[in-house]
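Asker: Got a structure for you, questions after.
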Amino acid sequence: MIYEYAIEPEIIIEWSKNTRDFREFFDKYGLGSPRIFSSFPKGKPNKLRTYLLENGPDENKRYIEMVNYLIKSLVLRSGNCSNEKDWVKKVVHESNQKPFGVVLTNTSLGIQRSVTLSSMYDLESLWHHKDQKSIQRTSDGISSVISNLFSLSTKKIVIIDPYGWTSDFIKQIQILINDIKMGRINNELPKVIVYFQKSKKGDNPNADYVSDEIIKGLSECVENFTIDVYELTENDNSDEFHNRCVLTEHGGVMLGHGIGIKGEEFKTDDAVLLKSEIFYKKWDQFVENNTFEVVSRSTTNI
């Protein structure tokens, strides 16, 4: 439900000159939206910021605000070996090596997943993405809404599920981790963090068991990888541990039933892309300032 966007710098400059386009920019792009900016043609946020400011209009406060905003949740793209100076020629070369989610330009480039500024609002345009989706409760259904979260992340993949200790959950997370290198545009692998809830009956396995079971089903090609598993319980200062979601530095998706599935195609679930305020709330509750009591924890480096 999220996509890496390469946007021609001249378009961002033009948007900064128009109040409507300027406001829409913050609503339609960045964390909380399906459209996450690519670090292309640079590999790091600070280098992209410098590149955009050096090639942008001087003393344009709107443009500077847009640049500072877009670098907050970048998809980090490595490789980038083209010697071309021209952005358009460079993006064509890069797209032929590793396709972007969407490339947005002023004129048609004739490459995969390319959209022009004049055609992006067309009915069948690639620019349109769903932020809510009904999926089948199968492995393919789950992957259709969170696979990009896995493949684009280089920092942390956070999976929050009260029943993250069940065999159904473990089986699906094994599938997702085994496929984590597919279609990657950066060789750096993220840490996977799992949070599950201690059963009210106290009869669920602990974090060590869950971690060991996950690792048993991983392929030999999964290496240089860290899995961190937490068993949590509510306390007087915490919210209820109820919602199931997957979070990364690029955003999050909430799933009614979580990622544990039985492969029953006739059953469905609803996936919802989290708006930024809900994402930050979940990230703070679990990752930045864990408000729950830790019952057990297991960290494994593969």
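The values are calculated or read from the model by the stated rules, or taken from the named source; none is laboratory data. Note that this is a predicted model, so its numbers are computed, not measured. Because the Cβ atoms are built from the backbone with ideal geometry, glycine has one as well, and the counts that use them run over all protein chains shown. For the accessible areas, the whole protein counts, side chains as well, though only heavy atoms, and no ligand, DNA or RNA atoms are used. Shrake-Rupley method; radii C 1.70, N 1.55, O 1.52, S 1.80 Å.
Asker: Among the candidates 164, 252, 256, single out the residue that is open to solvent by 10 Å² or more (accessible area, probe 1.4 Å), touching a strand residue (DSSP E or B) at 6+ places or on another chain (Cβ under 6 Å) and under 20 Å from residue 270 (Cβ atoms). Please lay out each step first, then the result.
Answerer: Values: 164 fails: open to solvent by 10 Å² or more (accessible area, probe 1.4 Å); 252 fails: open to solvent by 10 Å² or more (accessible area, probe 1.4 Å).
On inspection, the qualifying residue turns out to be 256.
Asker: On to the next question. Please find, among 222, 246, the residue that is at pLDDT below 90 and within 21 Å of the chain's Cα centre (by Cα).
Answerer: Every option except 222 fails the conditions.
Asker: Going by the conditions given, is residue 75 under 22 Å from residue 190 (Cβ atoms) and open to solvent by less than 10 Å² (accessible area, probe 1.4 Å)? Reasoning before the result, please.
Answerer: Working: under 22 Å from residue 190 (Cβ atoms): yes; open to solvent by less than 10 Å² (accessible area, probe 1.4 Å): yes.
For residue 75, the condition - under 22 Å from residue 190 (Cβ atoms) and open to solvent by less than 10 Å² (accessible area, probe 1.4 Å) - is met.
Asker: Continuing with the same structure: Looking only at residues that are in a loop (DSSP other than H, G, I, E, B) and basic (Lys, Arg) in region 186-223, which one is surrounded by the most Cβ atoms within 10 Å (Cβ to Cβ)? I'd like the intermediate steps shown before the answer.
Answerer: Our first condition is that a residue be in a loop (DSSP other than H, G, I, E, B); within region 186-223, this holds for 186-190, 198-206, 217-223.
Filter again for basic (Lys, Arg), leaving 198, 200-201.
Numbers: 198: 21, 200: 9, 201: 6.
Among those residues, the one meeting the criterion is 198.
Asker: Can you tell me which condition residue 227 does not meet? The list is (1) surrounded by 21 or more Cβ atoms within 10 Å (Cβ to Cβ); (2) under 22 Å from residue 2 (Cβ atoms), and all the others hold.
Answerer: So residue 227 meets the others, but not (2).
Asker: Show the residue pairs that are 6+ apart or on different chains and have beta-carbon atoms under 8 Å apart, the first residue being within region 207-224 and in contact (Cβ under 8 Å) with a residue 40 or more places away in the chain, the second being buried (at least 17 other Cβ atoms within 10 Å of the Cβ) and of a type in the set (D, E, K, R).
Answerer: 207/231; 210/231; 217/171
Asker: Here's a check for you: in region 131-170, which residue that is of a type in the set (D, E, K, R) and at pLDDT 95 or above is farthest from residue 189 (Cα to Cα)?
Answerer: Kept after step one, since they are of a type in the set (D, E, K, R), are these residues of region 131-170: 131, 133, 137, 140, 155-156, 161, 168.
Add one more test, that the residue is at pLDDT 95 or above, and what stays is 131, 133, 155-156, 161.
Working: 131: 26, 133: 27, 155: 7, 156: 9, 161: 22 Å.
Ranking the candidates gives 133 first.
Asker: Examine region 255-275 for a residue that is under 24 Å from residue 73 (Cα atoms), modelled with pLDDT of 90 or more and among the polar types (S, T, N, Q), and state whether such a residue exists.
Answerer: Checked region 255-275: no residue is under 24 Å from residue 73 (Cα atoms), modelled with pLDDT of 90 or more and among the polar types (S, T, N, Q).
Asker: Here's another thing I want to ask about it. Mind listing whichever residues of region 262-302 are hydrophobic (A, V, I, L, M, F, W, C) and open to solvent by 20 Å² or more (accessible area, probe 1.4 Å)?
Answerer: Taking region 262-302 first, the residues hydrophobic (A, V, I, L, M, F, W, C) are 266, 271-274, 278-279, 283, 286-287, 292, 294-295, 302.
Answer for region 262-302, where residues must be hydrophobic (A, V, I, L, M, F, W, C) and open to solvent by 20 Å² or more (accessible area, probe 1.4 Å): 266, 272, 278, 283, 287, 294, 295, 302.
Asker: Would you please list the contacts, defined by Cβ atoms under 9 Å and residues six or more apart or on different chains, that run from a residue in region 159-182 that is in contact (Cβ under 8 Å) with a residue 40 or more places away in the chain to a residue that is assigned to a helix (DSSP H, G or I) and of a type in the set (Phe, Trp, Tyr)?
Answerer: Every condition considered, the pairs that remain are 159/169; 160/286; 161/169; 163/169; 165/209; 176/150; 177/150; 180/150.
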